[in-house]
Amino acid sequence: MTSVAIVTGASSGIGAATARRLAAEGFHVLAAARRAERLTDLVAEITAAGGQATAVTCDVTSDESVARLAEAAAQAPGPVTLLVNNAGGARGLDPVESGSVADWQWMYDVNVLGTLRVTQALLPALEASGSGTIVVVSSTAGLTVYEGGGGYTAAKHAQTAIAGTLRLELCGRPLRVIEIDPGMVKTDEFGLVRFEGDAERAAAVYAGVPGPLVAEDVADCIAWCATRPEHVNVDRLVVRPRAQAAQHKVHRVGQ
């Protein structure tokens, strides 16, 4: 039977690219996100390319919505062998002393509690498959901090903690946990969400950077990790563009 992969945050960016890539790898993809119209378009694109996919409207901040995702997984045309916890995002770039509590709450709920909700809901199906893989898409922000990034780095550090703890707790069961930590990834929406639609401010993050990562680069990493032999666990994969040597060290042309 066809293996089923579930991808959250699949309506754009890394999530959409991952859904396309996993479908090309032969998975039936349950593409989950809040924006139903975008999911419909994505599924149509995947199907037209010869892949298999189903759209599932899901808000990872809602227990009821995540429960419906689990119900959809139970009706999928094969065993659920892969979960990609990709839904997340950042808001603001303010220092801790003036950061918005509402922004911090949103980042924690989407990145951290979203990962918790979805993982808890899908874990039984993943284990029942006999060879389940849980991917947590965190960030290099989950490994180090930077000025103005307190809320986002706190959330991503928490995601990293979930992945590491889960790997310990699941040891001996037919499940593996993989953490993907991308550096600078230029997508259509991440910066716009962070800066409340300010396109100029979002573009400035990547100004002069030769070859920032794109969504397909991260999707390639996720697919590679997830398709290794089942006894192989890639605990953590850190991927940055060549121009980014570290969180604080970025080569910019002309600067």
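In table form, for the structure just shown:
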quantity: Amide H partners (placed H, <5 Å) of Val239, local residues excluded; calculated: Asp181, Gly183
quantity: 0 to 90° range, to nearest 10: angle between helix 36-48 axis and the chain longest Cα axis; calculated: 60
quantity: Tilt relative to the chain, helix 150-169 - C-alpha long axis, 0 to 90 degrees, to 10; calculated: 30
quantity: The chain - percent relative contact order, Cα under 8 Å, separation 6 or more; calculated: 19
quantity: Relative packing of peptides 19-32, 213-226 - highest average C-beta neighbours within 10 Å first; calculated: 19-32, 213-226
quantity: Cα convex hull of the stretch 123-255, projected area averaged across orientations, nm²; calculated: 9.1
quantity: Binned Cα-Cα distance frequencies in the stretch 168-207 - 5 Å width, integer %; calculated: 6, 20, 19, 11, 8, 7, 10, 10, 8, 2
quantity: Residue among Gly172, Gly78, Gly211 with the largest mean-square fluctuation in a Gaussian network model of the chain, springs linking Cα atoms under 10 Å; calculated: Gly172
quantity: Cut-off 15 Å between beta-carbons: net charge of the residues surrounding Ile162, Lys and Arg +1, Asp and Glu -1; calculated: 0
quantity: Accessible area in square angstrom per residue, the stretch 96-255, 1.4 angstrom probe; calculated: 50
quantity: Simple label model, 7 Å out from Cα along Cβ direction - Leu192 to Ser100, nm; calculated: 1.7
quantity: Degrees separating the helix 63-74 axis from the principal Cα axis of the chain, which is the longest one; calculated: 40
quantity: Over the stretch 1-131, relative contact order from alpha-carbon pairs under 8 Å, at least 6 apart, %; calculated: 27
quantity: Whole-Å distance, taken between Cα centres, linking the stretch 205-235 and the stretch 42-89; calculated: 20
quantity: Inverse of mean 1/r across different Cα pairs in the stretch 89-183, Kirkwood, Å; calculated: 14.0
quantity: Pair-distance profile P(r), taking every C-alpha pair of the chain, with 10 angstrom steps and integer %; calculated: 8, 32, 38, 19, 4, 0
quantity: Rounded, prolate or oblate (a/c below 1.5 giving rounded, otherwise prolate when a/b exceeds b/c) for the stretch 136-209 by Cα gyration tensor; calculated: prolate
quantity: Rounded FRET efficiency, nearest 0.05, which uses the C-beta distance separating Val232 from Glu147 and R0 of 41 Å; calculated: 0.65
quantity: The stretch 1-129 - convex hull of the alpha-carbon atoms, volume per residue in Å³; calculated: 99
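The values are calculated or read from the model by the stated rules, or taken from the named source; none is laboratory data. Quick caveat, the model's predicted, so the values are computed rather than measured. Positions of Cβ are backbone-derived with ideal geometry, glycine not excepted, and every protein chain shown enters the neighbour counts. The protein model used for the area step is the full one, side chains on, heavy atoms only, and it has no ligands, DNA or RNA in it. Shrake-Rupley method; radii C 1.70, N 1.55, O 1.52, S 1.80 Å.
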